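Notes follow once the structure below has been shown.
Where a number appears in this text, it was derived from the coordinates with a stated rule and is not lab data. Treat the numbers as computed from the prediction; the structure is a model and nothing was measured. Virtual Cβ from ideal backbone geometry, glycine too; neighbours counted across all protein chains shown.
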Amino acid sequence: MRDLNISVLGDGGWGTTLAILLNNKGYKVTLWSAFEDYAIYLNKKRVNSKFLPAVKIPRNIEITHDLAQAVKYKELIVLAIPSQHLRRVLKKIRDHDYKSCPRFLSVVKGIETKTLKRMSEVIHEELGRIKLAVLSGPTIAHEVARGIPTTAVAASYDRATMKSIQNIFMTERFRVYTNSDVIGVELGGSFKNVIAIACGISDGLGFGSNTKSALLARGIVEISRLGHVMGARLQTFSGISGLGDLATTCMSPYSRNRFVGEQIGKGRVLREITKRMQMPACRQAGVAEGVPTAKSAYALSLKHKVSMPITKEVYSVLYKNKSPLKAVRDLMTREGKAE
């Protein structure tokens with residue numbers, strides 16, 4: 001199995017980290033960048049200074065901007081592209097010989113804002129009946145790249161595909177569990193980013209552990225409530241890809257979503273924050289998936305008639321210019337209820 005030819009599409013921090021992990025296991029790895037100039041830079045410098053600074057990219061990882069080269073003759077294609085750009089890249093993949101690839105893996109956390117579809121739904125819609133798994137969990141890229149013990153969950157409707165992903169990615173420091181609840185694993189990994197923004201806002205406002213604990217506890221209730229209505233198993237949200245991922249994203253100093261919330265709590269505007277996150281000096285550089293997911297999650301809560309007060313307030317702060325303090329007040333003064 002070590003002679004597998006694998007492509008990772010997406011040169012963000014997580015895509016780069018997974019490429020390095022797979023290379024270190026002895027696989028032949030190609031890393032694809034959407035931008036030709038950055039692919040040239042990565043080939044020359046062998047450090048992803050934008051998204052994974054201070055981590056060397058091994059020389060035997062092939063880096064390319066050529067999508068045909070990245071897709072052709074591969075045994076596994078890993079999709080590590082921001083959620084709102086995924087469909088566009090998938091349409092380009094359709095122009096190449098992707099059907100010979102026996103399995104695909106999505107590591108994308110998000111909901112498409114226009115269609116309110118999960119990433120696996122978008123992938124199947126564009127690529128057809130491919131063998132697909134998703135990988136999710138509390139996986140801060142900087143920690144995985146440094147070899148800090150980490151767990152994740154591989155989910156698929158196809159047991160053989162799920163098990164193969166588990167075997168391919170497992171290392172002494174990266175433990176992979178399996179779960180057949182694709183819906184739950186995807187939704188847990190997506191919705192938790194909205195709650196992380198709320199926790200960041202709490203941090204930015206100078207609140208303490210009591211507030212963050214309340215947001216975590218009530219946040220997982222909201223996530224589970226909507227996820228169950230959408231077809232997920234409730235117990236999935238108590239696991240690694242649910243509560244585990246939520247806790248990490250709400251607490252880690254490397255969390256982009258927590259960072260966005262913190263900056264908003266300090267009085268900065270979203271446009272300025274996202275601009276700052278494009279700078280290499282920012283250790284949270286990259287895309288904060290919770291920003292578009294807040295819009296999608298709120299729309300889904302309305303569609304399915306599910307009460308999600310924290311999500312509603314995050315949406316209002318991000319998209320309706322609501323004051324964070326007013327959002328907190330409105331959350332705290334709602335009508336009293338049983339837990």
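Here each label is just a point 7 Å from Cα along the line to Cβ, and for ARG94 and LYS56 those points are 4.3 nm apart. Dividing the summed helix terms, -39500 (n - 2.57) for each DSSP H run of n ≥ 4, by the number of residues in the chain produces a 222 nm estimate of -14500 deg cm²/dmol to the nearest 500. Taking 20 Å as the cut-off, the amide N atoms of segment 1-40 that come nearer than this to a point 7 Å along the Cα-to-beta-carbon line of TYR73 belong to 1-9, 23, 26-33. Spin-label model, SER49/HIS124: points 7 Å from Cα along the beta carbon direction are separated by 4.3 nm.
Using 0.36 nm per residue and subtracting the Cα-Cα separation, the extra length available between VAL221 and LYS320 on full extension is 33.2 nm.
Largest mean-square fluctuation among LEU302, LEU76, LEU215, in a Gaussian network model of the chain whose springs join Cα atoms under 10 Å apart, belongs to LEU302.
Over 27 Å, how big is the tail of the calculated P(r) for segment 5-180, in percent of all Cα pairs? Taking all Cα-Cα pairs of segment 5-180, the fraction more than 27 Å apart is 19 percent.
With a simple spin-label model that places each label point 7 Å from the Cα along the Cα-to-Cβ direction, the separation between ASN210 and MET332 comes to 0.9 nm. Give me the net charge of LYS212's neighbourhood, meaning all other residues with Cβ under 14 Å from the Cβ of LYS212; Lys, Arg count +1, Asp, Glu -1. Residues close to LYS212 contribute a combined charge of +1. The share of Cα pairs per 10 Å bin across segment 90-236, counted from zero up to the longest distance, runs 10, 33, 36, 16, 4, 0 percent. Pairs spanning more than 30 Å between alpha-carbon atoms, out of LYS131/LYS305; LYS45/LYS275; LYS50/LYS295; LYS92/LYS295; LYS56/LYS295; LYS163/LYS305: LYS131/LYS305; LYS56/LYS295; LYS163/LYS305. Taking amide hydrogens as placed 1.01 Å from N in the peptide plane, the amide H of VAL55 sits under 5 Å from those of ASN48, each at least 5 positions away in sequence or on another chain. Computed over the alpha carbons of segment 3-76, Rg followed by Dmax gives 11.0, 31 Å.
In terms of the mean number of neighbouring beta-carbon atoms within 10 Å, the peptides 232-238, 291-297 order highest first as 291-297, 232-238. With a Förster radius of 30 Å applied to the C-beta separation of GLU272 and ASP66, the computed FRET efficiency comes to 0.30. Segment 183-332 has equivalent-ellipsoid semi-axes of 23, 17, 14 Å, by the square roots of 5 times the alpha carbon gyration tensor eigenvalues, sorted largest first. If the Kirkwood radius is taken over C-alpha pairs of the chain, then at 37 °C and 0.692 mPa s the Stokes-Einstein diffusion coefficient equals 163 µm²/s.
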